[in-house]
Each structure stands twice: as structure tokens, then as C-alpha cells.
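Here is the structure we will look at.
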Amino acid sequence: MINDRHVLFGLHELGGIGWKTIRRLESALSGAWSELLAAEKGDLLAFGLKPAMADTIKDKLTPELIARRLEEYRRGRISFMTALDADYPALLREIAQPPWVLYLRGDRTLLERSCIAVVGTRSPTAYGRKAAYELARDLSACGVCVVSGLARGIDACAHRGALTEYGSTAAVLGCGLDTIYPSENASLYAEIAEKGVLVTEYPLGTRLHAGLFPQRNRIIAGLCLGTLVVEAAERSGSLITADQALEQSRDVFAVPGPITSAKSAGTLELIRQGAKMVASAEHILEEYNGLAQLGHTRKEAASGPDPSLSADERKLLGLMSAAPVTTDELVELSGFEFGHLHSVLLNLTLKKKIVPLPGSSYASL
């Protein structure tokens with residue numbers, strides 16, 4: 001049976017119907033969304049809609065369209081939540097333009113946990129990769145869900161670190177769940193779908209374009225108690241997420257870096273402006289009463305680690321991405337002796353988890 005949440009879902013699926021139009025309809029209908037199915041064009045015009053939008057709703061918002069789209073999502077193992085649902089994230093409701101609909105693949109209950117965003121540059125240094133991985137891992141070990149954007153670089157390192165522990169991770173996409181971007185993160189996308197949760201406000205079939213990504217940053221910040229920026233250049237896109245957090249009256253944290261590194265210019269400026277400097281997960285956790293402290297018993301993620309990998313293999317794989325990483329960087333990141341590192345790299349290559357590249361470098365598959 002079609003209900004109010006289904007109609008809101010169907011309205012959200014229509015092309016050309018934006019956030020403000022839905023907000024206008026909410027006010028006009030007093031939340032009785034099902035009345036839209038019987039509305040005439042004159043009614044829609046009286047609500048303040050433009051003729052083209054009124055025609056779109058009158059002609060296309062039908063029980064048949066809603067049922068067809070619901071079935072497409074069911075076949076794709078995609079669930080959704082609307083602003084009408086009790087399990088809609090409470091913190092996200094507080095932002096200026098909360099999404100009307102969120103589409104999810106994976107464990108949606110992770111969004112009920114305390115969340116911290118971890119973001120940063122797409123081309124991090126070895127220091128940035130290690131910091132993102134370890135801070136995300138330690139936050140996740142305390143039951144915190146680490147939220148990021150599945151971009152290459154710091155985002156990917158944060159997701160991989162969080163996936164090793166109980167709190168796991170949420171990836172907020174700037175596209176529909178039928179698009180994997182960047183394509184090099186396909187294996188990470190699959191692992192998050194299995195052990196974490198993928199989140200987007202964009203329906204299936206949404207065409208990818210650059211303007212969608214700044215919009216998704218408000219969701220990354222809005223889901224979270226605070227946002228941690230690990231490495232960011234002076235004009236890094238990750239600073240947009242920090243700005244969104246500030247606009248939402250959320251906390252901003254930053255990892256300090258060398259004053260000579262352009263990749264640390266943005267984070268150092270955040271610290272200068274008042275962001276809390278972070279050198280460990282505990283520096284974040286201490287800001288929030290009731291969050292678990294480091295040192296408590298760590299719980300495995302429900303799906304558990306990959307049984308085919310040793311602990312050292314999992315650690316090394318978590319520090320790598322589809323972008324090449326040199327053996328010198330891996331020595332610094334992992335703390336392994338060179339001989340042991342070579343052995344672990346060989347095992348991961350034989351297990352088809354990584355690929356050797358020219359210049360004594362490797363990339364994950």
C-alpha cells in the first residue's frame with residue numbers, strides 16, 4: 001500500500017524537483033504527502049509551483065512509478081529512509097537542508113552510532129595516510145562510526161582503517177549507488193557495502209557531475225558530532241566539509257603537520273583559527289561525554305576480518321590504495337623492517353590483493 005513516505009520517495013525520484021520545491025509542498029500539504037497523488041494542476045499551481053514542475057508531478061507521480069522504482073531499489077539491495085522515518089539520523093535533521101531521502105546499501109544501523117567525519121586531501125603524504133588510517137582505526141575500535149566520502153587519498157585510508165574495527169564506516173557518495181567514483185575504489189566500495197554502509201541522497205541513474213560533491217559534504221558533516229581534517233592544502237576541497245561543520249555548530253579537529261608541507265597548510269590554518277589539534281583518537285573522544293575511551297576491549301566487526309590475510313597483511317593493505325605507494329613510504333607507514341615488508345608484499349601479490357608497479361611501488365587491487 002502506498003503511504004506518505006512512499007509518495008515522498010516518489011517525488012524525490014522525479015527529475016527537476018529540488019529540495020526547495022519539496023519544502024514548499026511540505027508546507028502546503030502539512031505533511032499529508034499522499035494527497036499529491038490526487039492533486040490537480042491547479043492545486044499545484046496554487047501551492048506556488050511553476051507550471052513545468054506542476055506538469056511533471058501531475059503526469060509522472062503515480063502509484064505505478066512509485067512501485068516500479070521501489071522494485072528497482074529492492075532488486076539492487078538498496079534501502080532508503082525519508083525525513084518521515086523514526087530512524088532518520090537525529091543530527092542530520094538539524095542542518096539547514098537535510099536530505100528528504102537517503103539511499104543506503106549495507107548496515108544502516110551504523111548511522112545510529114556516534115559518528116566522526118575524517119576527511120583530507122586526495123593526494124596525501126605517507127604521514128597523512130598513516131595518520132588517517134590509525135586515527136580512523138582507533139575511533140572505530142571505540143564504537144565510533146567513521147564517516148568520509150570514498151574519495152582517493154585520505155578518505156580511502158580512513159575507510160580502510162575504520163573497517164578493521166567494530167565501529168566501522170559510512171561512505172557518503174556524491175553520486176547514485178549505481179556509480180562507483182573514483183573507479184579505482186571499486187574494491188573498497190564493495191567492502192564498505194559488506195561491512196559498513198554506503199549513503200547518498202542521489203537516486204539511481206543520477207548523472208555524475210562535479211557540482212554534486214560539495215552538496216554531499218553537508219551530509220558528511222551533518223551526520224557527525226565533529227569533523228577531523230587530516231591533511232589539506234590551503235584551498236583543499238576537504239576544507240568545505242570543515243566549513244559545513246562550523247556552519248552546523250559542530251566541532252572541527254585538525255592533525256598538525258610540518259610547516260614546510262603544502263599538504264598541511266590548510267590544517268595548520270584551521271588550528272590557528274581555533275580547531276582542536278589532534279594527535280590521537282583520545283583527543284577527539286575526550287570532547288564527548290559517554291563515548292568509549294581507548295583501552296576498552298575492541299570488538300570485531302560483525303562480518304570479521306578477511307580470514308585469508310594475516311594481521312600484518314591486513315595492516316599493510318589498509319595503508320595502501322589504488323594510487324602507487326613506494327616501498328620507502330610503506331616502511332615509514334607500517335614500521336616493518338624492510339625484509340619483513342618485502343615478505344608481506346610478496347604474499348599480498350600472490351593473493352592478488354596488490355599489484356607491483358615500476359619504481360619499487362605497489363597499489364591495491
Worksheet item: Based on the Kirkwood radius over alpha-carbon pairs, what is the Stokes-Einstein translational diffusion coefficient of the range 1-86 at 37 °C with 0.692 mPa s viscosity, in µm²/s?
Response: 249 µm²/s
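Placing unit charges on C-beta atoms (Lys and Arg positive, Asp and Glu negative, everything else neutral), compute the dipole magnitude of the chain about its Cα centre in debye, rounded to 20.
Details: 39 positive and 42 negative charges, 113 e Å.
With only Lys, Arg, Asp and Glu charged at Cβ, the dipole is about 540 debye.
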Worksheet item: What does the charge count near Ser34 come to, summing +1 for each Lys or Arg and -1 for each Asp or Glu among other residues with Cβ under 10 Å from its Cβ?
Response: -1
Practice prompt. Express in Å², to the nearest 10, the accessible area of Trp100 obtained by rolling a 1.4 Å probe over the protein heavy atoms while all chains stay in place.
Written response: 20 Å²
Worksheet item: Cα-Cα pairs above 19 Å in the range 167-247: how many percent?
Response: 42 percent
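May I ask you to derive the relative contact order of the range 89-182, considering only C-alpha pairs under 8 Å and at least 6 residues apart, and to give it as an integer percent?
Value for the range 89-182: 28 percent.
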Worksheet item: Using a 1.4 angstrom probe and counting only protein chains, how large is the accessible area of Arg5 in Å², to 10?
Response: 60 Å²
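Can you tell me the mean projection area, over all orientations, of the convex hull of the chain's alpha carbons? Units nm², please. Display every interim value, and only then the final one.
Details: hull surface 77.8 nm².
Averaged projected hull area, Cα only: 19.5 nm².
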Response to the item:
Probe 1.4 Å, all chains present, heavy atoms only: Asp138 accessible area in Å², nearest 10, is 30 Å²
Discussion item. For the range 70-202, I need the span (max minus min coordinate) of the C-alpha atoms along each principal axis, in Å, sorted largest to smallest.
Written reply: 43, 29, 27
Practice prompt. Pull up the cross-link candidates among the lysines for Lys276, meaning alpha carbon to alpha carbon under 22 Å and not fewer than 8 places away within one chain.
Written response: Lys130, Lys263
Practice prompt. With unit charges on the beta carbon (Lys/Arg positive, Asp/Glu negative), name the residue among Ala232, Ala210, Pro356 whose Cα is farthest towards the positive pole of the charge dipole of the chain.
Written response: Ala210
Worksheet entry | Two-decimal Rg/Rh across the range 182-223, once Rg and the Kirkwood Rh are taken from alpha-carbon atoms | 0.97
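The values are calculated or read from the model by the stated rules, or taken from the named source; none is laboratory data. This is a predicted model, so every value here is computed, not measured. Here Cβ is always computed from backbone atoms with ideal geometry, including for glycine, and neighbour counts include all displayed protein chains. These area figures cover heavy atoms from the full protein model, side chains too; ligands, DNA and RNA do not enter into them. Shrake-Rupley method; radii C 1.70, N 1.55, O 1.52, S 1.80 Å.
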